[in-house]
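Here's the structure, in structure tokens; my notes come after.
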Amino acid sequence: MDIKDAVTNLLNTKAKKITVIVIAAIILVLIIGLITLGTMGRPMDPNNTETVKVKIEAGSGTIQIAQTLVENNIIDNPTSFRIWSKLKGHDGNYKAGTYSLSQSMSFSDIAEIIVGGKVDATVFGIPEGYTIYQVADKLSKDGLVDKEKFIDLLENGDFSSEYEFLKGAQNNKNRLEGYLYPNTYFVDEDASEEAFIKVMLDQFGKEVTEEHYQKAKDMGLTMNEVITIASIIQRECDVSKEGDKVASVIYNRLELGMPLQMCSTVQYILGEPKPVLSVADTRIESPYNTYLHTGLPPGPICSPNIDAIEAALNPADTDYLYFVLSEKLDGTSNFSNNYEKFKRDSENYSRAYDAANK
């Protein structure tokens with residue numbers, strides 16, 4: 001073997017050794033990496049299950065989220081959390097909200113909650129037929145909002161840039177009347193007054209579809225007029241049973257130029273409902289008083305549900321001009337197309353009501 005061959009063999013032997021060393025090093029790095037990946041996601045303290053409210057602000061990236069978790073003493077190494085999030089594909093998928101987290105949670109537990117948007121939720125319900133001020137009273141009594149802030153937003157907040165349907169609403173302090181859709185809702189536990197309003201406006205936007213807008217257009221009505229009619233229907237009857245009939249009375253009276261003379265509109269002026277209106281009540285000067293003014297009031301008088309909205313858009317085909325609660329006292333009404341029958345129906349109801357309340 002000459003020197004050249006000896007040198008070649010030596011180099012090949014060294015190359016093989018280097019290759020083996022490199023491969024071994026790579027394997028070692030992978031093993032260390034896997035071990036590190038497994039350990040970096042471990043809970044800070046497996047025995048500490050006390051939860052802490054952690055708020056992840058909207059627009060926060062993984063870096064900010066990791067720092068927030070450190071500041072709330074949920075994790076102790078923000079770099080590990082960022083690397084782990086990147087490797088697991090969670091980077092950029094975390095959602096804003098307020099979450100209950102603890103030191104006993106692993107990175108996987110934390111990620112499952114924040115990526116899944118499993119926020120601490122407050123549940124609240126708004127019945128159909130509530131006015132915006134009744135909504136304010138209810139949420140305030142339930143300890144969910146600051147009443148003064150909530151009413152200030154109702155009367156002065158500008159939501160029309162976000163909600164197209166509000167651009168046609170009445171232009172006064174009651175601009176949101178009729179649009180805080182009645183439903184059961186879930187909001188972030190520390191939701192602001194504005195968030196409560198928006199979740200109800202969002203639901204209105206979901207319930208009232210393009211088909212409803214097209215139907216209103218075909219009838220020559222604006223959506224605000226439809227919601228106004230629906231709100232009167234909501235307050236005047238059992239919508240599911242008689243909504244379309246009450247709607248027909250409204251349209252028949254409007255067509256004839258008759259005042260609507262709906263008690264619900266006067267009740268709206270009074271604020272506090274009365275069992276029976278007085279003659280003086282029906283003479284209160286207000287654009288909402290349909291005993292004094294013909295046509296529709298300037299806007300809705302409460303928040304109607306979708307059934308009332310559907311009734312407003314699909315009135316029954318009748319010649320009814322009058323209705324009054326029936327003597328059965330079961331919430332149903334007697335409908336008629338002449339005043340004499342209406343008077344008899346009214347007298348029958350009055351007698352039945354007086355007898356039942358002796």
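The values are calculated or read from the model by the stated rules, or taken from the named source; none is laboratory data. This is a predicted model, so every value here is computed, not measured. Methodologically, a virtual Cβ is constructed for each residue, glycine included, from the backbone with ideal geometry; neighbour enumeration extends over all protein chains shown. Quick note on the areas: whole protein, heavy atoms, side chains included, nothing else; ligands and nucleic acids left out. Shrake-Rupley method; radii C 1.70, N 1.55, O 1.52, S 1.80 Å.
Among the residues that make up the stretch 87-97, is at least one of them touching a strand residue (DSSP E or B) at 6+ places or on another chain (Cβ under 8 Å) and either β-branched (V, I, T) or under 30 Å from I227 (Cα atoms) (or both)? No, every residue in the stretch 87-97 fails to be touching a strand residue (DSSP E or B) at 6+ places or on another chain (Cβ under 8 Å) and either β-branched (V, I, T) or under 30 Å from I227 (Cα atoms) (or both).
Residues that are among the aromatic types (F, W, Y) and either part of a helix (DSSP H, G or I) or within 29 Å of P273 (Cα to Cα) (or both) occur in the stretch 144-153; there is at least one. For the stretch 207-242, the set of residues classified as outside any helix (DSSP H, G or I) and either without any contact (Cβ under 8 Å) to a residue 24 or more places away in the chain or surrounded by 19 or more Cβ atoms within 10 Å (Cβ to Cβ) (or both) consists of V208, T209, G220, L221, C237, listed by residue number. Suppose the filter is hydroxyl-bearing (S, T, Y), open to solvent by less than 40 Å² (accessible area, probe 1.4 Å) and under 35 Å from the mean Cα position of the chain (by Cα); does T290 pass it? When the stated conditions are applied, T290 passes them. Tallying residues that are out of contact with any Lys or Arg (no Cβ under 9 Å at 6 or more places or on another chain), surrounded by fewer than 15 Cβ atoms within 10 Å (Cβ to Cβ) and either modelled with pLDDT of 90 or more or assigned to a helix (DSSP H, G or I) (or both) within the stretch 99-136 yields 1. One residue stands out among those in the stretch 187-206 that are under 18 Å from L154 (Cβ atoms), outside any helix (DSSP H, G or I) and not β-branched (V, I, T): the one that is most open to solvent (accessible area, probe 1.4 Å), which is S192. Residue pairs whose Cβ atoms lie under 6 Å apart, sitting 6 or more positions apart in sequence or on different chains, and linking a residue in the stretch 261-277 that is touching a residue at least 24 places away in the same chain (Cβ under 8 Å) to a partner that is of a type in the set (D, E, K, R) and open to solvent by less than 30 Å² (accessible area, probe 1.4 Å), are V266/D281. Does V145 satisfy the criteria of being in contact (Cβ under 8 Å) with a residue 60 or more places away in the chain, aliphatic (A, V, I, L, M) and either in contact with a Leu (Cβ under 9 Å, 6 or more places away or on another chain) or more than 22 Å from D45 (Cα to Cα) (or both)? For V145, the condition - in contact (Cβ under 8 Å) with a residue 60 or more places away in the chain, aliphatic (A, V, I, L, M) and either in contact with a Leu (Cβ under 9 Å, 6 or more places away or on another chain) or more than 22 Å from D45 (Cα to Cα) (or both) - is not met. Of the listed requirements (1) in contact (Cβ under 8 Å) with a residue 24 or more places away in the chain; (2) open to solvent by less than 70 Å² (accessible area, probe 1.4 Å), E162 misses just one: (2). Put simply, of T79, T49 the only residue that is part of a loop (DSSP other than H, G, I, E, B) and open to solvent by 60 Å² or more (accessible area, probe 1.4 Å) is T49. When the stretch 178-224 is limited to residues that are at pLDDT below 95 and over 18 Å from V135 (Cβ atoms), the one that is nearest to the chain's Cα centre (by Cα) turns out to be D188.
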